[in-house]
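**Q** I have a structure I would like to understand better, so I am pasting it below and will then ask my questions one at a time.
Bear in mind these aren't lab numbers, they're just calculated from the coordinates by the rules spelled out. In this text the structure is predicted, and so the values were computed from the model without any measurement. Ideal geometry is used to build each Cβ from the backbone, glycine not excepted, and the neighbour counts take in all protein chains shown.
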Amino acid sequence: MKQAINKSKRSSRRRLPPIRSGEIVDYKNINLLRRFISEQGKILSRRMNRLTSKQQRLMTIAIKRARVLALLPFLNNEN
């Protein structure tokens, strides 16, 4: 009985999309790109980001371009 209740609660709750309609995936949009990078500086998986495959590909390309242009770090070693 408990499991049926928990499932209905989970499915009824809609989460906000990670990329809003007005936001453009671009290597210059650092605030957006930082949301999809772990604390170590790794690109988070599509399942964790809750992105579509097309959005994930665009995000990966943008993050890699920003790293090459030194807008984002390759690694975050603040220990």
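**Q** Suppose the chain between Arg65 and Gln40 were pulled fully straight at 0.36 nm per residue; how much longer would it get relative to their current alpha carbon spacing?
**A** Working it through step by step, the gained length comes to 7.2 nm.
**Q** Which value in Å is the Kirkwood Rh of region 30-79 over different Cα pairs?
**A** When all Cα pairs of region 30-79 are included, the Kirkwood radius is 11.1 Å.
**Q** What's the extension gain from Lys54 to Ile24 if we count 0.36 nm per residue and subtract their Cα-Cα distance?
**A** Separation in residues times 0.36 nm, less the Cα-Cα distance, equals 9.5 nm.
**Q** Now for a separate question. Quick one: which of 33-44, 58-69 comes out on top by average Cβ neighbours within 10 Å, and what's the full order, highest first? Show your work: numbers first, answer last.
**A** On the way: 33-44: 14.3, 58-69: 16.6.
Going by the mean number of other Cβ atoms within 10 Å, highest first, we get 58-69, 33-44.
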